[in-house]
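Colleague: Got a structure for you, questions after.
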Amino acid sequence: MDLATFEHLLTPAGQRLLAAVAEEPPDTSDLALGTRLRREHPGELVAAAITQQRLRAKAVAKLGPDAAHLYYTPDALEQATRAPVARHRAEQLRDLGARTVVDLGCGIGADLIAFARAGLTVRGIEIDPLRAAIARGNLSALGIDGQVEAGDALETPISEDEVAFVDPARRDGSGRLTRLDQLTPPWEWIARLLDGRAVAKVMPGIAHDAIPPGVGVEWVSDRGDLVEACLWGAGWERPERRATSLPSAESISSRGVQARLAPPRRFIVEPDDAVIRAGLVAELGERIDGGLLDPKIAYLTCDTPPSGNLGRWFEIVEELPFRAKSLRAALRERNLGTLTIKKRGVDIVPERLIAQLKPTGDIPATLVVTRVAGKGRAFWVRPVR
Ligand SMILES: C[S@@+](CC[C@H](N)C(=O)[O-])C[C@H]1O[C@@H](n2cnc3c(N)ncnc32)[C@H](O)[C@@H]1O
C-alpha cells in the first residue's frame, strides 16, 4: 500500500469498501472477493482494503479490541508493541509525573496510543511517510488527540517539557537481534538521550554491560513471553535492574542478594524469563524462601506453595533415576506415558531421550532433568499452575 492508496482508504468511498470487506464471512477467499470488488472499485484500493482486514484480524492478539479500528503495514504490525506492555510503560511514565511524550520513531503508533490513553500529551515522529500517515489515522480512528510528523528523529528538536521515547527498529528488518549497532535510530544517539529523562525500548537480549551507567532496566514478559528491555534514562534516578511479568505486573528488583543453594524440596520453580534475563533469580529465591538447585542453573526449589507470577511451580512427585536405562524401567513400573521433558544444564536432547525411553504407559508425565550441585538428576513433577 502506498501513501496515496492509504489516503484513498480514509475517504468515505474507502471506508465503505473497508466496511464491505469486514462484513464478508472470514472464510471468503481473497481471490474471489478481490475479483468481485474490482468490478466496482480500483484494484489497489481493493487490495489495500482486503489486506487491512486480514491485518486487523491478526492484530487482535497484540492490540486487543482497538485492533479492528486501526491501520497497518505487515512489517509495522510486526514491530508494534503489545498493548499491555505499552500500557504498563505509559502508566509508569504518568505516575512518575511526565506530562508530554515525543515518540521518536513511532511506527503505526501502538506506544503513542498507550501514552495518550494514560493521559499524556503525545507527539510522534516517523521517518517513513506512510507509517506517519497511518499513525495519524490511528489516533484519529480512536478519537485520540495527538500530533504526528513525518521526519527524522535525529533532526527533531525536543522541548524541555517533553520526555523522549524511542523504540528503535532493527536496521536490516530481521527478527530478534541482540546487537545494539544494528538499531535505527542508532544506539549512540539513544544512549545520549538516556543521560536524561528519556525512555527506550530495546531487545531483551541486551548485554548487562552495554547498559550505560545510571540507566535503569526493566525486563518485561507478557503472558510468559519475554518481550523487551525498557531502559529508563539516568535522569529518572532509578538505576535498578527490574523484572516484571504482565498481565499481573508483579515485579522484582535487584538488591544484590547472594544466591543460596538448597537440596530439592517440595517444589521446583522455573523463574520467568524476565527474572532470568534481569539476573534476579537469587532475589526471587529470597522472596519465595527457596534456594538454587545448582549455582549455575536457573531452577529454584522451595516448600512455599505457588505465589505470584514470576515463576512456574512444579511439585516433585518422586525422584527417578537419571540414567536412561534405569529411567526407562522406572517409567514402565509407574505406567508413565506421554512425556514432557524440561531440562537445564544437562547434555540431553528431550526428543532424543523420549525416543530412547519409548514410554508406553497411560499416565502423561512431566520430567525435570537437571543438575543438582553438579550432578545430573531427574524428577517426575506435577505442574501446579
Ligand atoms: C520498532 S518501530 C516502532 C514501533 C512503535 N513503538 C509501535 O509500537 O507501533 C521503529 C520505527 O522507527 C522508525 N525510525 C527509524 N529510524 C528513524 C529515524 N531516524 N527517525 C524517525 N523514525 C525512525 C522506523 O521507520 C519504525 O517505524
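Colleague: Filter segment 338-348 down to the residues that are loosely packed, with under 14 Cβ neighbours inside 10 Å and farther than 26 Å from residue 223 by Cα and list them by number.
Modeller: Of segment 338-348, the ones loosely packed, with under 14 Cβ neighbours inside 10 Å are 338, 340, 347.
Across segment 338-348, the qualifying residue is only 347.
Colleague: How many residues does segment 149-171 contain that are within 25 Å of the chain's Cα centre (by Cα) and under 24 Å from residue 71 (Cα atoms)? Please lay out each step first, then the result.
Modeller: Quick first cut of segment 149-171, residues within 25 Å of the chain's Cα centre (by Cα) only: 153, 163-171.
So of that shortlist, the ones also under 24 Å from residue 71 (Cα atoms) come out as 153, 165-171.
Qualifying residue count for the region: 8.
Colleague: From 60, 85, grab the single residue that is in a helix (DSSP H, G or I) and touching an Asp or Glu at 6+ places or on another chain (Cβ under 8 Å).
Modeller: Numbers: 60 fails: touching an Asp or Glu at 6+ places or on another chain (Cβ under 8 Å).
Only one candidate qualifies: 85.
Colleague: Quick one: which of 94, 99 is closer than 24 Å to residue 160 by Cα and out of contact with any strand residue (DSSP E or B) (no Cβ under 9 Å at 6 or more places or on another chain)? Walk me through it before giving the result.
Modeller: Details: 99 fails: out of contact with any strand residue (DSSP E or B) (no Cβ under 9 Å at 6 or more places or on another chain).
Being closer than 24 Å to residue 160 by Cα and out of contact with any strand residue (DSSP E or B) (no Cβ under 9 Å at 6 or more places or on another chain) holds for just one of 94, 99, which is 94.
Colleague: Looking at residue 82 and the list (1) over 16 Å from the mean Cα position of the chain (by Cα); (2) over 13 Å from residue 199 (Cβ atoms), which single condition is not satisfied?
Modeller: (1)
Colleague: Follow-up. In segment 230-242, is there at least one residue being without any contact (Cβ under 8 Å) to a residue 40 or more places away in the chain, under 25 Å from residue 84 (Cβ atoms) and in contact with a Lys or Arg (Cβ under 7 Å, 6 or more places away or on another chain)?
Modeller: Yes, segment 230-242 contains at least one residue that is without any contact (Cβ under 8 Å) to a residue 40 or more places away in the chain, under 25 Å from residue 84 (Cβ atoms) and in contact with a Lys or Arg (Cβ under 7 Å, 6 or more places away or on another chain).
Colleague: Sort out which residues of segment 63-82 are within 14 Å of the ligand (Cβ to nearest atom) and in a helix (DSSP H, G or I), and write them in order of number. Reasoning before the result, please.
Modeller: Step one: of segment 63-82, the residues within 14 Å of the ligand (Cβ to nearest atom) are 63-64, 66-67, 70-82.
Correct list: 63, 64, 66, 67, 74, 75, 76, 77, 78, 79.
Colleague: Going by the structure shown, is residue 330 surrounded by 14 or more Cβ atoms within 10 Å (Cβ to Cβ) and without any contact (Cβ under 8 Å) to a residue 40 or more places away in the chain? I'd like the intermediate steps shown before the answer.
Modeller: Numbers: surrounded by 14 or more Cβ atoms within 10 Å (Cβ to Cβ): yes; without any contact (Cβ under 8 Å) to a residue 40 or more places away in the chain: yes.
Here the answer is yes, as residue 330 does meet what is asked.
Colleague: Test residue 218 against the stated conditions and say whether it is within 14 Å of the ligand (Cβ to nearest atom) and assigned to a strand (DSSP E or B). Don't jump to the end; show me each part of the working.
Modeller: Numbers: within 14 Å of the ligand (Cβ to nearest atom): no; assigned to a strand (DSSP E or B): yes.
Taking the combined requirement at face value, the residue does not satisfy it.
Colleague: Hey, among 116, 98, 110, 169, which residue is assigned by TED's automatic domain parsing to the domain that holds residue 197 and buried (at least 24 other Cβ atoms within 10 Å of the Cβ)?
Modeller: Numbers: 116 fails: buried (at least 24 other Cβ atoms within 10 Å of the Cβ); 98 fails: buried (at least 24 other Cβ atoms within 10 Å of the Cβ); 169 fails: buried (at least 24 other Cβ atoms within 10 Å of the Cβ).
The unique qualifying residue is 110.
Colleague: Could you check residue 17 against (1) in contact (Cβ under 8 Å) with a residue 12 or more places away in the chain; (2) surrounded by fewer than 18 Cβ atoms within 10 Å (Cβ to Cβ); (3) more than 18 Å from the chain's Cα centre (by Cα); (4) outside the structural domain of residue 161 (by TED's automatic domain parsing) and say which number it fails?
Modeller: (2)
Colleague: Step by step: first the residues of segment 274-286, then only those that are over 17 Å from residue 385 (Cβ atoms) and touching a Leu at 6+ places or on another chain (Cβ under 8 Å), then the one that is surrounded by the most Cβ atoms within 10 Å (Cβ to Cβ). Which residue is that? Show your work before the answer.
Modeller: Keep residues of segment 274-286 that are over 17 Å from residue 385 (Cβ atoms), which gives 274, 276-283, 285-286.
Restricting the remaining residues to those that are touching a Leu at 6+ places or on another chain (Cβ under 8 Å) gives 274, 277, 281-282, 285.
Working: 274: 28, 277: 21, 281: 23, 282: 19, 285: 25.
Residue satisfying both the conditions and the ranking: 274.
One line per residue, one yes/no per condition, for (1) within 30 Å of residue 191 (Cα to Cα); (2) in a strand (DSSP E or B):
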| position | (1), (2) |
| --- | --- |
| 235 | yes, no |
| 243 | yes, yes |
| 265 | no, no |
| 269 | no, yes |
| 276 | yes, no |
| 289 | no, no |
| 308 | no, no |
| 312 | no, yes |
| 317 | no, yes |
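Colleague: OK, next. Limited to segment 299-318, what total is found for residues that are under 17 Å from residue 368 (Cβ atoms) and surrounded by fewer than 20 Cβ atoms within 10 Å (Cβ to Cβ)? It would help to see each step written out before you state the result.
Modeller: Step one: filter segment 299-318 for residues under 17 Å from residue 368 (Cβ atoms), giving 299-303, 306, 311-318.
From what's left, surrounded by fewer than 20 Cβ atoms within 10 Å (Cβ to Cβ): 303, 306, 312, 315-318.
Total meeting the criteria: 7.
The values are calculated or read from the model by the stated rules, or taken from the named source; none is laboratory data. It should be emphasised that the depicted structure is a prediction, and the values quoted were computed from it without experimental measurement. Here the Cβ is made from the backbone with ideal geometry for all residues, glycine too, and neighbour counts use every protein chain on show.
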